[in-house]
Structures are given as C-alpha cells and as structure tokens.
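Only one structure is covered here, and it is reproduced in the block below.
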Amino acid sequence: MSVSPNQPEISVVIPIYNEQAGLAALFARLYPALDALGARYEIVFVNDGSRDNSVSILAEQFRKRPDVTRVVLFNGNYGQHMAILAGFEAARGDIMVTLDADLQNPPEEIGNLVAKMREGYDYVGSIRRKRQDVAWRTYASKAMNRLRERITNIKITDQGNMLRAYGRNIVDLMNQCAEVNTFVPALAYRFARNPTEIVVEHEERAAGESKYSLYSLIRLNFDLVTGFSLVPLQFYSMMGMLMSLISGLLVAVLVVRRLFLGAEAEGVFTLFAITFFFMGVILFGIGLLGEYVGRIFQQVRARPRYVVQTILQQKDESQPAPPPGVEKRTVGRHHD
Ligand code: UDP
Ligand code: MG
C-alpha cells in the first residue's frame, strides 16, 4: 500500500479563507486528535487567498510540525471547493478527509470516518446530529437537499457538511477532472463504488464568521444542479411542449369562436395575466439556458482553475510524479 516509510495513510485537507481568529484553536484540537489515531498522517492546509493573517499563522504552524504539515498557498480566492481540490492534488494519503477550518466539524470525528473507511467503504459522508446554524439555513438546506436529490440522483443526506472521507481511487479520478464550479462531495459521490454515511457532531463556529451569504448559497445550489444534471433543461422543454400544445388548442378554439360568434374584446386583463405569466416562464428559461451556457463557456476557456503560488512542504523524494496523461491544473512555483 505505501511506497515509502513517510507516505501517510491519512491526508486531512482543510481550506482556509480568513480564519486567523480560529486557527490556533483548530491546531490545538486537530493535531492531538490525529496523533491519537496512531496512524501516519499529513494535514494539507490550502490558503484560499486570505486577506488576513492566516498565511503567517499557517507558515508558523508548518515550522512547528513540518513532518505532518503541508501548506498550499493560492494567489487569490478561488472558493472552498477549488481549495479542496488543490489540497487533493498535493495530498498523498490513501484516505482523504476534508474538514472546515472553523471547528464546526470536530476533529475528534476524523477517527470515526477513518474507521468506517477501513471497513471497506470508499466514500464516507456525514450527517450532522444537530446543526448549529441559524434556523433559515437549516430549513433552506433541507429543502434544497430533497430537490437536488431528485434532480441529480446524488444521495447526500446533509450536503452542507464538509466532514467527509474519500478513498484514493475517488481522489485520483477527481484529480483528473477539470470541472469548474464543482461541488466536491457530489463529484466524489459520482465516482464512489461503495458509499456510506455516519452521524457526526456539529458545533458552533469557534471564531470568525460564515463566508457564505444567502446569494452565494443560491449560486452554489445552481452550480450543483447544473453541474450534475440536465433534468432542469429537460423538464423545461417538456413543460414548453405542454404549454404550446395547450395554447395551440386555445388558438383553435378562438379562431372557431371568432368565425362563428364574431370579434370579442373582453377578457383583456385575463389575457395580460396569461401573457405576463408566459413572459416570466420564458425569462426563467433564458436564465436557465444561460446557466448552462456560462458553464460551457468557463469549461471551454480551459483556464487554470486556480493558481498555486507556493507549497510549503518538506523535501520528499518519494513524491510520485503525476501519472502520465494527467495534466496538472496548476501553474506557478513550487517550493520544496
Ligand atoms: N472557505 C474557503 N474559501 C472561500 C470560503 C470559505 O476556503 O471562499 C473555507 C473556510 O475557511 C472554511 C470552509 O471553507 O474552512 C467553510 O466556510 P464557512 O465556515 O464560512 O462556511 P459555512 O460553514 O458557513 O458553510
Ligand atoms: Mg463553517
């Protein structure tokens, strides 16, 4: 399984964006929790263009525990999921665990995820026992979950939760994807052979504040649906078909009526109401198409999805080169 003695079994990947207030508390729980597992591990922090002091705190932590710490530094903000994907490219473990930096996911749960992985699952999702978020987020995300599950056929009970473990097989496949605006748990689920879920604790944010506004949550869900399913487009064209059928019938009825009963001038406002409704439907359709076209646009442009400025890591000759045919989607200097 392992190629070299310092090849880790577990890689913990953590995206960091403006988390200076909480990092010390994170380190204080994360390292002991992993040391307690008695397995070879590494922690890959990915700084997603923080504008606060996070980078120097991470660099300091790298100096303290260089044997088990790697720090990937982006040159800008590319979003949580891009950060996790970059972490996957830098990580070497057989079991990958993702975690939020804000201690909402207790590091002590990593052991449970790993135990489940060792039972032979290649994807271990998690369900928060009791969510510690504001009420509207809990309800909105439950409703979105159900809708998404119908549309995309991806069964993730608790999509807002990043505390998850993935097998090397899944991560290798994800590293080959060049998808923009993706959603890591859903992408991984697509590749999973044997997925399962466990229940985990969830805590309040230790420090700092949520990086997600209502707007970005709506965006995220649009990306999730358009990135994984054509059902909205198909539904729309079916609906369009039905509507044109009905309005075609209406036209026929009106023509006959006009021929036999003469012109009619009443019902103007009913007509307006119907017209406005259809206009709304059409605008929604254009917007929906736009979501897909935008996605195609980003994808064919094929720019690097993120730019890695530096990686802080210990020199390691055993680091395998990327497999042939797998283009590295990063550019920039790599420090060793
Ligand atoms: N994050 C990131 N880039 C971003 C936004 C967030 O790397 O643009 C990280 C953030 O530092 C945290 C995780 O993603 O580790 C989840 O963010 P947050 O806790 O704000 O999200 P919430 O828990 O409110 O969904
Ligand atoms: Mg959080």
| GNM result for the chain, Cα springs below 10 Å: residue of 58, 26, 289 fluctuating most strongly | 289
| Under 5 Å between amide H atoms, partner at least 5 residues away or on a different chain: which partners does residue 309 have, H built in plane at 1.01 Å? | 73, 74, 75
| At 222 nm, what helix-only mean residue ellipticity would the chain give, in deg cm²/dmol to the nearest 500, using -39500 (n - 2.57) for each DSSP H run of four or more? | -16000 deg cm²/dmol
| note | Counting sequence-distant residues (5 or more places) and residues on other chains, those with an amide H built under 5 Å from that of residue 102 are none
| query | Which number do you get for Rg(Cα) / (2.2 N^0.38 Å) in the stretch 73-200? | reply | 1.03
| said: Please state the shape class of the stretch 140-243: rounded when a/c is under 1.5, otherwise prolate if a/b exceeds b/c and oblate if not, all from the C-alpha gyration tensor. | reply: oblate
| said: For residue 155, give me every one of the lysines with a C-alpha distance below 29 angstrom, ignoring sequence neighbours fewer than eight places off in its own chain. | reply: 116, 130, 142, 211
| Of all accessible heavy-atom area on the chain, the percent that carbon and sulfur account for (1.4 Å) | 62 percent
| message | Straight-line reach only, C-alpha to C-alpha below 20 angstrom: list the lysines that residue 315 could link to, leaving out same-chain residues fewer than 8 apart. | response | 64, 328
| Taking the stretch 31-94 and dividing mean pair separation by its residue count, relative contact order in percent (alpha carbons under 8 Å, at least six apart) | 42 percent
| request: Go ahead and set up a Gaussian network model of the chain, Cα springs under 10 Å, then flag whichever of 68, 171, 251 fluctuates most. | output: 251
| query | Out of 307, 12, 124, any idea which swings most in a Gaussian network model of the chain, alpha carbons joined below 10 Å? | reply | 307
| request: List the relative contact order of the chain as a percent without decimals, with contacts defined as Cα pairs under 8 Å and 6+ residues apart. | output: 21 percent
| said: What are the equivalent ellipsoid semi-axes of the chain, built from the alpha-carbon gyration tensor (square roots of five times its eigenvalues), in whole angstrom, biggest first? | reply: 48, 21, 19
| field | In order through the stretch 192-208: 3J(HN,Hα) via Karplus (6.51 cos²θ - 1.76 cosθ + 1.60), integer Hz, x for Gly, Pro | value | 6, 8, 9, x, 8, 9, 10, 8, 10, 6, 9, 10, 6, 3, 5, 7, x
| task | Mind listing the long-range amide H neighbours of residue 46? Cut-off is under 5 Å, sequence gap 5 or more, other chains count too, H placed in the peptide plane at 1.01 Å from N. | result | 14, 16, 72
| field | Part-to-part distance (alpha-carbon centres) for the stretch 50-70 and the stretch 130-144, which is given in Å | value | 32 Å
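The values are calculated or read from the model by the stated rules, or taken from the named source; none is laboratory data. Worth saying up front: this structure is predicted, and the values here are computed from it rather than measured. Each accessible area value is taken on the protein alone, full model and side chains, heavy atoms only, with ligands, DNA and RNA left out. Shrake-Rupley method; radii C 1.70, N 1.55, O 1.52, S 1.80 Å.
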